[in-house]
1. What dipole magnitude, in Debye to the nearest 20, does segment 162-239 give about its Cα centre under +1 on Lys/Arg Cβ and -1 on Asp/Glu Cβ?
2. Would you work out which of 203, 178, 24 lies farthest towards the positive end of the dipole of the chain? Charges go on Cβ: Lys and Arg +1, Asp and Glu -1.
3. Tell me what the chain gives for mean residue ellipticity at 222 nm when only DSSP H runs of n ≥ 4 count, each as -39,500 (n - 2.57), the sum divided by the residue total, rounded to 500 deg cm²/dmol.
4. On each of the three principal axes of the Cα atoms of segment 92-136, give max minus min coordinate, whole Å, ordered largest first.
5. Express the Stokes-Einstein translational diffusion coefficient of segment 182-255 in µm² s⁻¹, to the nearest whole number, given a Kirkwood radius over alpha-carbon pairs, 10 °C and a viscosity of 1.306 mPa s.
6. Enter the Cα centre distance for the pair segment 178-208 and segment 223-244, rounded to the nearest angstrom.
7. Suppose every K and R has +1 on its Cβ and every D and E has -1 on its Cβ; what is the size of the dipole of the chain about the Cα centre, in Debye to the nearest 20?
8. Which of the listed residues, 38, 233, 218, is farthest toward the dipole's positive end in the chain, when Lys, Arg count +1 and Asp, Glu count -1 at the beta-carbon?
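The values are calculated or read from the model by the stated rules, or taken from the named source; none is laboratory data. On a predicted model such as this, the values are computed, not experimentally measured, just so you know. Counting neighbours? That spans all protein chains shown, and the Cβs are built from the backbone with ideal geometry, glycine included. Surface accessibility is based on the protein's heavy atoms, side chains included, excluding ligands, DNA and RNA. Shrake-Rupley method; radii C 1.70, N 1.55, O 1.52, S 1.80 Å.
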Amino acid sequence: MDEDAARPVDSTASGAVTLRLRLHRREPYDVDGVFAFLASRAIPGLEVADRTSYRRSVQGGTVTLTPRPDHIALDVAVEDTRQLARIVARCRRLLDLDADPEAISDVLGRTSLGPLVAARPGLRVPGTFDGFELAVRAVVGQQISVAGARTLLGRIVARAAAPGGLFPTPAQLLDTDLSGLGMTNRRIDTLKDLAARLADGQLDLDGGQDPAEAVAALLEVRGIGPWTAGYIALRALRDPDAWPTGDLVLVKRMAALGIPNDHIERWRPWRAYAALHLWSSS
């Protein structure tokens, strides 16, 4: 790795090695938008984030991402450095560092979204560090506020997480009693069904399954409809053309801007970025 080359900085008392890396990004890059998005959704007990940094627990340590003028600084403290390549790939996915802003702007800038694209040419679609985690976020966040979802997710992590404040694996969530956390029985059943399908390999949300196949499999989960499947495809599956069908904020923003529904088709193959432009404009 050239632009992502790592150098050792220190060793902790617990045996974890601390490495500092430079993650290359394509310009323009909407640093404030990405980090604000992650900060507003940071799960208590798992993540600490604001507009200037993002920190989370990972297996055997922590990662911290900090924007710099021409790159993203990644500080990794882990006991097993063999995780490094996986951590780098997941951090790049989380921050959408491999997007091509020029290609996106060339298409969307010539549509009814032109003024929004001109205002924020480096806008990105924040991804996720873990596909199952994002799917749980999407299910928990159905029809409630971002703040309400954070609270529920923090409770799930506190009850189900492994030592070290990690997000629970599908198997761990299956073994956890989720009653009394403020979710309906139907929502709990959806989370359990989702976890079971990932635990037994029917579903892969970390790149091992074709996005279209993964979405089809998600729609078979009780309680997951087109909006939830589209949102998971947009952030976890990294489908640049994903569209969260029925999203009320998108419907309202398009109406307020006088954009007809048939324009959604004109935003292909970058509808995920169109959705972020609309969400960010509200």
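1. 320 debye
2. So the residue we want is 178.
3. The helix contribution divided over the chain gives -12500 deg cm²/dmol.
4. Cα extents, longest axis first: 35, 19, 15 Å.
5. Numbers: Rh = 13.1 Å.
Result for D is 122 µm²/s.
6. 16 Å
7. 740 debye
8. 38
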